[in-house]
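The values are calculated or read from the model by the stated rules, or taken from the named source; none is laboratory data. Just so we're clear, the structure is a prediction, and the values are computed from it rather than from any experiment. Here the Cβ positions follow ideal geometry from the backbone for every residue, glycine too, while neighbour counts run over all protein chains shown.
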Amino acid sequence: MARFRPMNRIEEGKGSRNVARFDEDGTAVHLQQEDSPQPITFTFDRVFNPRSLQSEVYEYAAKPLIEDLFQGYYATVFAYGQTGSGKTFTMEGVAPREPADAASESVDELGGGEDLRGVIPRAVEHIFDITQANSELTEFKVTVQYAEIYMERIRDLLDRSGTKNNLEIRVDPARGVYIEGATEVVVKRDGELKKVLSRGSHKRHVSATGMNEESSRSHAICMISVAQKDRMDLTVKTGKLFLVDLAGSEMVSKTGATDQRLEEAKQINKSLSALGNVIKALTDGKSSYIPYRDSKLTRILQDSLGGGSRASLIIACSPASYNYTETVSTLRFGTRAKFIKYKPRVHVGYGGNEMDSLLEKKEQELAALREQVHLMSQEVKGVIAANAAYKKVYGAPPVIRADQPPGMSMPEKLDFAVQTCRALLREVGAIRQEAGLCRRASAEVEKHLREERMIFSQLRSDVSKVALKTISGSGGGDDRLGGEAVVKDVEGIDKILAMAKWKVEGILKKMKPLAMAAGASEVAAKKSAEMAHLALRKCLDGA
C-alpha cells in the first residue's frame, strides 16, 4: 500500500506543486508533471492520501497481521521510501502530548488533535489487549529485540553495555533467520514494552540533511515474539512480529551529504538496491537464485520476503513535483513487490513439563509403525518373488477382479475382503494340488522311460551274443553264406534297437524341464497359499 504525506516547508520553499491525484475508492494514484501529456497511474491494495489518519493506516496495514500473530504466524510490517517521506512517522509517530518535531510539522496541519501514534505503539497496545482478554485459558510470554543496521553492521539497540555493535546473522531450522547475541527482553505490560522501544529508538543513528532535520541513518528492526501455551491441550503457538523502519533512499545532490553523511548514504542506497534486486528476483519468474546474502538487510528479511510469513509493505511518498522522480521510483518498487507470492506457515508445538511424556509416546508410536512397515515390506518381497517364479514357468496369471458393490459400509467391506481372500485361497489350493499331481505323473513317466532304456540296451547285447555264436559254429561253403545273412539281420536289429534307445533318451531330456516346471509350480503355489493364509488371518484379526 502507498501513503502520501502533505508537502513540507522545504518543498514549498522550492516552489513545488502537487502532482498527485487520488481515486475516490482509495486504490489508485495518478502522477502528472506539467510537461507530461498523460499521467502515470499506479494501483495498490490501498492508497492513503495526505489527509489520511494514523489510525486508518494501522487498521488496514497492521491490525490484521497482529491478529494473525496469535494464530502462530510470522508477520512483517515495513516502510519504504525516500528520505523525508514519512516512514518513521508512519512506524513510530509522535507520542501523546509530545510536540511534533520539524519533520512532522506538516502532519500537524491535519488539526483536530489527532492521535499521532504510529504503527509500532498501536501494535504494542493491540498485542497486550489480546493477551489480557485471553489470559484465563492461555499462558503468554512476550519478548522483544530491537536492532539497527548501520553501515552494514548490526547494532543492538537494547544493549546497556554498548559492546554489541557488530552482531552476526544466523539461520536455524526451527527459529528461521535470527540475530545471534541480540538482547531479548521479557515484557509483561504494554507500557513496559513502550519504554523499552523508546530507549532503543533514542540510540538510533539520526542526523540532519538537506531533506530532513532528523533523517534516519540506519534501518531499524523491532522483533516482538509472542509464545502462547494453551492450558488445556498444552499446545504452544509462537508468532513473531517484525516492525521495520527502513532508512530512506537519497539523492546526494538534494541532501547535500558530505564526509560521514555521504558514506552513510552510500551504504543505505547499496542495501536498498540489494532489496530491490531481491524483489525483482522473487517476481520475475526466471531467477533460480535469490540474492539474500548481498546485504544484512535482505538477509534478516529473508523469511519475510521469501513468503514464509505474512507481510505488509507501506511505501511512503511525497506528492511534490520537486521529488517526482523519487516518488515514481518508489511506486514502481511497490508495484514489483505486489507480485511476491506468500505461503506462510503456522508455528505450533508442545510445551510444559508434559512435553517429554507426549514426545516419548509419539516416538513409541512411530517406532511401532516403522516395525510394521518393515514386516510388510518383507511380505511384499516374498509375494513378488513367488509371482516371479510363477510367471517364469506359466507366464502372467489371469486377472482376477473382485469389484466391491457401491455403498458398502466398513464392516461389509471387511467381510467382502475376507470372502475374497478365502476364494483366492481355494484357487491357490487347487493350483497347488494340480501342480503336485503333474510333478508325480512326470516322475512316473520318467521312471518308466529309464526302465525301457535299460531293456533296449540289454536286448541289443543279447542279440549281439546270439549272432556271434551262430557265426562261430558254422563251417565253409553254403554255411558261410548263411552266416553272412545272419550278420546282416543282426546289424539291422541293432540299428532298430539303437534308434529306440536314442528316442527314449530324447524323451527323457524333454521330460526334465517339465519336471522342473511342475516342481517350481508347486513351490510357488505353496508360498502363495502361505501368503493368502496370512492375509486372511490379518483380515480376521482386523474384524
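Assorted remarks:
- Test: residue in the range 237-247 that is at pLDDT below 85 and surrounded by fewer than 22 Cβ atoms within 10 Å (Cβ to Cβ): no
- Yes/no for Met376 being at pLDDT 75 or above and of a type in the set (A, V, I, L, M): yes
So that you can scan it fast, the table gives a plain yes or no per residue for (1) assigned by TED's automatic domain parsing to the domain that holds Pro173; (2) in a loop (DSSP other than H, G, I, E, B); (3) modelled with pLDDT of 90 or more; (4) polar (S, T, N, Q):
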| position | (1), (2), (3), (4) |
| --- | --- |
| Leu272 | yes, no, no, no |
| Tyr289 | yes, yes, no, no |
| Asp303 | yes, no, no, no |
| Ala311 | yes, no, no, no |
| Thr327 | yes, no, yes, yes |
| Ser357 | no, no, no, yes |
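- Subset of the range 130-177 (residues that are part of a strand (DSSP E or B), surrounded by 15 or more Cβ atoms within 10 Å (Cβ to Cβ) and free of Cβ contacts under 8 Å to residues at least 40 places away in the same chain): Asp156, Leu167
- Residue in the range 51-58 that is surrounded by 15 or more Cβ atoms within 10 Å (Cβ to Cβ), closer than 30 Å to Arg175 by Cβ and of a type in the set (Ser, Thr, Tyr) present: yes
- Residues satisfying the stated conditions in the range 10-24, i.e. among the charged types (D, E, K, R) and either under 17 Å from Gln82 (Cβ atoms) or in contact with a strand residue (DSSP E or B) (Cβ under 9 Å, 6 or more places away or on another chain) (or both): Glu11, Glu12, Lys14, Arg17, Arg21, Asp23
- Residues located in the range 31-50, provided they are surrounded by fewer than 16 Cβ atoms within 10 Å (Cβ to Cβ) and of a type in the set (Val, Ile, Thr): Thr41, Thr43
- Selection from the range 428-449 of residues that are surrounded by 13 or more Cβ atoms within 10 Å (Cβ to Cβ) and either among the hydrophobic types (A, V, I, L, M, F, W, C) or modelled with pLDDT of 75 or more (or both): Val428, Ile431, Ala435, Cys438, Ala441, Ala443, Val445, Leu449
- When the range 101-125 is filtered for residues that are surrounded by fewer than 18 Cβ atoms within 10 Å (Cβ to Cβ) and either part of a helix (DSSP H, G or I) or at pLDDT 95 or above (or both), the ones remaining, listed by number, are Ala102, Glu105, Asp108, Glu125.
- Output for the range 128-150, where each listed residue is among the aromatic types (Phe, Trp, Tyr) and within 15 Å of Glu67 (Cα to Cα): Phe128, Phe140
- Selection within the range 178-203: residues that are crowded, with 18+ Cβ neighbours inside 10 Å and polar (S, T, N, Q). The member of this set that is nearest to Val94 (Cα to Cα) is Ser201.
- The residues of the range 381-420 that are in a loop (DSSP other than H, G, I, E, B), modelled with pLDDT under 70 and over 25 Å from Glu434 (Cα atoms), listed by number, are Asp403, Gln404, Pro405, Pro406, Gly407, Met408.
- Residue match in the range 29-46 (condition: in contact (Cβ under 8 Å) with a residue 24 or more places away in the chain and closer than 30 Å to His205 by Cβ): no
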